[in-house]
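Notes follow the structure.
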């Protein structure tokens, strides 16, 4: 038996229930980990609220990220052993391999022996943000030296990961934030420039920073009315990667801007990398090298104990954090 977080219905954070559940042995291609830390993601808030791509089968586990110690290995697993410290590259199913709890069975090929210098909290905060940002910026947009990338929802963990990856490949990250409350924190987190959208014209500001050329790459999880503004701030031949739909408002299609600038607008999902073994191998190598060198360093906004999982979700939903919310077990 282990304490596991489950939901029995959709709703606010109060539907998260910490329950004693019997955990089966891992399948042949799985490992069982004794969880030490859990990285929270907005996807889990959306899943809990019935606003996600995947439907729940109640009672449902949830959770994409965790770090811990291998407690058991499946019969087909040969590269991991009991006692190994590992962290999880998020699987494609938020519920089947749910990580919220004291114990989790996870796919062995996604369990990584991370650098020993990382704490369990740092390791649990790494993979979703860096794989998501690497896949969009490096693998698909080919971000490189001299490029400008415009990053919205910049205080999220993925936004912060984008700053670090941009700097690592020689590009310049421009963060967009609504108010100036987070401006200094974003600069300290690695953004080269910060645009406060409530006070500044995004297009004018980007053009001033890029010498009138615009940003070649835009990385946006919001959509909504600002989508059109973002395309106006882009360089000719640029690419916009849309990886979310946080805005509740409709997203217009800026036809004449797209035609006039020969823009590429691409919907992007983290799953594109995880479901492609070659891309996943490239991502893993890039991220492990960056974590080992310290050029990639997850920023943790706040930690909560597992008993306070509801409060952790409420804090995440309040959008006051800069960085990752982590739950310790």
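The values are calculated or read from the model by the stated rules, or taken from the named source; none is laboratory data. As the structure is a prediction and not an experimental result, all values here were calculated from the model. Counting neighbours? That spans all protein chains shown, and the Cβs are built from the backbone with ideal geometry, glycine included.
Mind listing whichever residues of the stretch 197-231 are in contact with a strand residue (DSSP E or B) (Cβ under 6 Å, 6 or more places away or on another chain) and over 23 Å from residue 253 (Cβ atoms)? 205, 209, 210, 213 - these are the residues of the stretch 197-231 that are in contact with a strand residue (DSSP E or B) (Cβ under 6 Å, 6 or more places away or on another chain) and over 23 Å from residue 253 (Cβ atoms).
With the requirement that a residue be part of a helix (DSSP H, G or I) and in contact with a strand residue (DSSP E or B) (Cβ under 8 Å, 6 or more places away or on another chain), what does the stretch 268-307 give you?
Residues of the stretch 268-307 that are part of a helix (DSSP H, G or I), as a first pass: 271-274, 277-293, 306-307.
Listed by number, the residues that qualify are 284, 288, 306, 307.
Within the stretch 211-230, is there a residue that is out of contact with any helix residue (DSSP H, G or I) (no Cβ under 8 Å at 6 or more places or on another chain), part of a strand (DSSP E or B) and within 26 Å of residue 170 (Cα to Cα)? So far as the stretch 211-230 goes, yes, one or more of its residues are out of contact with any helix residue (DSSP H, G or I) (no Cβ under 8 Å at 6 or more places or on another chain), part of a strand (DSSP E or B) and within 26 Å of residue 170 (Cα to Cα). Evaluation of residue 185 against the conditions (1) modelled with pLDDT of 95 or more; (2) in a helix (DSSP H, G or I) shows that the sole unmet condition is (1).
The conditions are (1) farther than 15 Å from residue 239 by Cα; (2) without any contact (Cβ under 8 Å) to a residue 12 or more places away in the chain, and residue 157 fails exactly one of them. Which is it? The failed condition is (2).
When you scan the stretch 49-156 for strands (runs of 3 or more DSSP E) that lie fully inside it, which ones turn up with 2 or more residues that are surrounded by fewer than 19 Cβ atoms within 10 Å (Cβ to Cβ)? Answer list for the stretch 49-156: 67-73.
Within the stretch 245-267, does at least one residue satisfy the condition of being in contact with a helix residue (DSSP H, G or I) (Cβ under 6 Å, 6 or more places away or on another chain), more than 30 Å from residue 116 (Cβ to Cβ), outside any loop (DSSP other than H, G, I, E, B) and in contact (Cβ under 8 Å) with a residue 12 or more places away in the chain? The answer is yes, given that some residue of the stretch 245-267 is in contact with a helix residue (DSSP H, G or I) (Cβ under 6 Å, 6 or more places away or on another chain), more than 30 Å from residue 116 (Cβ to Cβ), outside any loop (DSSP other than H, G, I, E, B) and in contact (Cβ under 8 Å) with a residue 12 or more places away in the chain. Selection of the stretch 211-232 for residues being surrounded by fewer than 22 Cβ atoms within 10 Å (Cβ to Cβ), under 27 Å from the mean Cα position of the chain (by Cα) and at negative phi yields 221, 222, 225, 226, 228, 229, 232.
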